[in-house]
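*Asks:* What follows is a single structure, and I will ask about it in a moment.
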Amino acid sequence: MKATYIDYSDTGSFSKTLLAYLEKDENLTSFYNRPAELASFAAQIEEKKNFAHRDLLTAELRKQYGDLLNISPEVAQNISLLAEENTYTITTGHQLNIFTGPLYFIFKIVTAIRLAKDLKAAYPRSNFVPVYWMATEDHDFAEINHTRVFGKKIEWETPAVSGTGRMSTADIDEAVKQYCGTFGLGPNAQKLTTIVEEAYRSGLNLAQATRVMVNSLFKSHGLVIIDADTAALKKPFIPYIKADVLEERSAEVVQNTSDSLSKLGFKTQVHARDINFFYLTDAFRERIVRLDDGRYEILHQDIYFTRSELEELIDRHPDRFSPNVIMRPLYQEVILPNLAYVGGGAEIVYWLQLKANFDQYGVEFPILIPRNSAIITDDKIVGKIFRLDLTLKSIFRPMETLKDDYVRRQTTHRLNLRDEMMEFNSIFAKLKLRAHKIDPTLGASTDAVKARLKKALNNLEKKLLKAEKRNHTEALIQIERLKDYLFPGGGLQERTENFASLYVKYGDELVTELERHFNPLEFKFTILY
């Protein structure tokens with residue numbers, strides 16, 4: 001593959017807040033710990049060097065992987081390295097989208113893998129392990145129960161229960177059949193079918209199935225996959241659970257940060273509640289709320305606790321307390337020797353809302369790394385772009401803008417009325433002056449006539465362009481097809497399309513090429529072909 005890089009700001013696809021973060025806007029510096037640059041990692045390593053839960057972490061990972069460790073020496077080695085004091089993690093996280101969901105799921109993981117590799121080159125005395133944090137406790141099943149491949153929506157139709165990671169995949173066979181049925185023939189199609197069926201037809205829950213599939217794709221790159229929905233891993237988090245649930249320490253701090261960001265003109269992503277934990281069982285995941293009488297209620301379940309009962313329950317069963325979006329990042333940083341978090345644009349924004357909360361709990365705030373973003377196409381499509389007198393940068397413009405610009409470049413006629421408009425303005429300036437001398441009140445009438453005529457001239461200019469477009473119908477149809485192909489549904493390819501259509505073409509080289517061309521700390525949009 002070949003690669004072209006353009007600025008994120010030239011894509012028109014990313015938020016003002018993310019762009020400001022990438023540009024190191026001074027208004028945002030107080031909302032993160034260190035800038036996203038290579039030099040920052042020296043201090044981040046120093047700050048995280050006294051991480052206290054290495055034995056617990058490695059023991060739990062070995063337990064979760066089981067026999068999978070015998071398959072991948074790279075993963076087994078990285079888990080062993082986590083027991084050493086000079087080993088740190090580079091983490092990304094995502095929900096358990098079936099069959100990995102949209103393409104950016106893959107991009108997030110590859111970004112973490114490449115960043116770990118780059119850090120090893122820059123800081124050879126330390127080790128860096130890429131980690132995928134499975135959002136197994138998330139219960140928004142509607143967000144993860146489908147994917148799109150070759151333009152077809154594949155959906156797992158089943159009732160949602162509890163955290164999605166605990167859901168059985170016993171009835172996912174029909175979705176597996178439909179998904180694999182889109183692959184066609186060929187060795188890569190057969191290999192991907194084997195990977196999918198091994199993951200989703202082995203009687204596993206969704207967390208285990210996701211681990212098997214993601215491990216199959218990334219095991220040679222040493223990716224470590226963690227499921228934090230365990231009592232063992234939540235034990236070190238007990239003091240933080242109590243602080244939020246019983247003392248409600250997070251809500252005001254996060255709200256103050258959100259207000260500060262809003263006053264600076266930045267939109268926020270998440271809202272803190274008084275209690276930022278759910279009560280989690282195999283049957284449900286429901287919010288915990290404090291009642292006026294001092295008791296605690298599990299919503300919609302007719303379950304109540306006194307303060308002392310709840311405190312005792314946190315000590316005995318921390319696994320029943322599931323952090324929401326406010327406390328999950330804190331949980332991650334407590335149980336991992338983590339240096340950086342790789343996230344999408346919206347994730348980076350909500351992490352900016354959380355630094356003050358980290359500070360009050362005395363937990364190190366990671367370096368925030370926006371994931372790599374990309375379009376993957378081929379030489380044939382790129383050739384069409386160039387033949388239509390477009391560029392890889394201009395293709396991001398809106399459809400009608402592309403068409404208008406194309407026609408203006410190709411036409412032999414002058415389609416704009418700029419010169420005429422200048423003459424028009426000059427004439428009306430003279431008319432207004434003459435009218436004012438006769439009667440000062442006629443100035444407004446002159447302006448009204450000017451406005452009507454200016455509107456008519458603008459409409460005429462549009463008609464000239466529209467008429468000329470008919471002379472370039474074939475080229476404009478090709479532009480439409482290009483845009484629809486590269487931006488399915490009008491959005492970025494990575495936000496809708498699944499990786500399977502690319503895997504059946506490139507096989508394992510897909511991940512290898514992504515890792516080769518992604519540059520996590522350069523913050524450029526990548527076009528691969």
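*Asks:* Here are some pairs, 49/235; 2/49; 117/234; 2/466; 108/177; which of them have Cα atoms lying more than 32 Å apart in this structure?
*Replies:* Working: 49/235 21 Å; 2/49 39 Å; 117/234 29 Å; 2/466 37 Å; 108/177 27 Å.
Too far apart for the 32 Å limit: 2/49; 2/466.
*Asks:* Using the Cβ atoms and a cut-off under 9 Å, what net charge is assigned to the surroundings of residue 403, where Lys and Arg are +1 and Asp and Glu are -1?
*Replies:* On the way: positive: 469; negative: 400, 404, 405, 480.
Cβ neighbours under 9 Å give a net charge of -3.
*Asks:* Suppose we keep just the DSSP beta bridges with both residues in the chain; what percent of those would be antiparallel, to 5? Intermediate results must be reported in sequence, preceding the final value.
*Replies:* Numbers: 22 of 46 bridges.
Looking only at bridges with both residues in the chain, the antiparallel portion is about 50 percent.
*Asks:* Ignoring ligands, DNA and RNA, what percent of the accessible area of the stretch 327-484 is carbon or sulfur (1.4 Å)?
*Replies:* 54 percent
*Asks:* Just the Cα atoms of the stretch 41-122: what Rg and Dmax do they give in Å?
*Replies:* Radius of gyration, then largest Cα-Cα span, for the stretch 41-122: 14.4, 38 Å.
*Asks:* Could you tally the net charge around residue 318, taking each other residue with its Cβ under 12 Å from the Cβ of residue 318, Lys/Arg +1 and Asp/Glu -1?
*Replies:* Details: positive: 234, 235, 242, 316, 320; negative: 229, 311, 312, 315, 319.
It works out to a net charge of 0.
*Asks:* Add +1 for every Lys or Arg and -1 for every Asp or Glu among the other residues with Cβ under 13 Å from the Cβ of residue 355, and state the total. Walk me through the intermediate numbers first.
*Replies:* Working: positive: 34; negative: 333, 359, 364.
Taking every Cβ under 13 Å from that of residue 355, the sum is -2.
*Asks:* So what's the stretch 102-222 giving for Cα Rg divided by 2.2 N^0.38 Å, two decimals? Mind dumping the intermediate values first?
*Replies:* On the way: Rg = 16.2 Å, N = 121, 2.2 N^0.38 = 13.6 Å.
Taking N as the residue count of the stretch 102-222, the ratio is 1.19.
*Asks:* Quick one: Kirkwood hydrodynamic radius for the stretch 293-429, alpha-carbon pairs, angstrom, one decimal? Write down the numbers at each step before the final one.
*Replies:* Numbers: mean 1/r = 0.0455 Å⁻¹.
That comes to 22.0 Å for the stretch 293-429.
*Asks:* Here's another thing I want to ask about it. Enumerate by residue number the GluC sites (Glu not before Pro) in the stretch 186-273 meeting two conditions: DSSP loop (anything except H, G, I, E, B), and at most 10 other Cβ atoms within 10 Å of the site's Cβ.
*Replies:* Listed in order of number, the matching sites are 247.
*Asks:* Shifting gears a bit: Note down, for the stretch 397-462, the three equivalent ellipsoid semi-axes (square root of 5 times each alpha carbon gyration tensor eigenvalue), biggest first, whole angstrom. All intermediate terms of the calculation are to be shown ahead of the outcome.
*Replies:* Details: eigenvalues 233, 30, 10 Å².
Taking √(5λ) for each eigenvalue gives 34, 12, 7 Å, largest first.
*Asks:* Still on this structure: I'd like the projected area of the stretch 240-365, averaged over all directions, using the convex hull of its alpha carbons. Report it in nm² with one decimal. List each step's numbers first, then the result.
*Replies:* On the way: hull surface 35.2 nm².
With every direction weighted equally, the projected area is 8.8 nm².
*Asks:* Just the number please: accessible area per residue for the chain, 1.4 Å probe, all protein chains included, in Å². Each step should come with its number before you reach the end.
*Replies:* Details: 24030 Å² over 529 residues.
Per-residue value: 45 Å².
*Asks:* Shifting gears a bit: Rounded to the nearest percent, how much of the accessible area of the stretch 135-244 (1.4 Å probe, protein heavy atoms only) is carbon and sulfur?
*Replies:* Values: 2190 of 4400 Å².
The C+S portion of the solvent-accessible surface of the stretch 135-244 is 50 percent.
The values are calculated or read from the model by the stated rules, or taken from the named source; none is laboratory data. What you see is a predicted model; the values in this text were computed from it and never measured. Glycine gets a Cβ as well: all are built from the backbone with ideal geometry, and neighbour counts include every protein chain shown. Please note that ligands, DNA and RNA were not included when accessible areas were found on the heavy atoms of the full protein model with its side chains. Shrake-Rupley method; radii C 1.70, N 1.55, O 1.52, S 1.80 Å.
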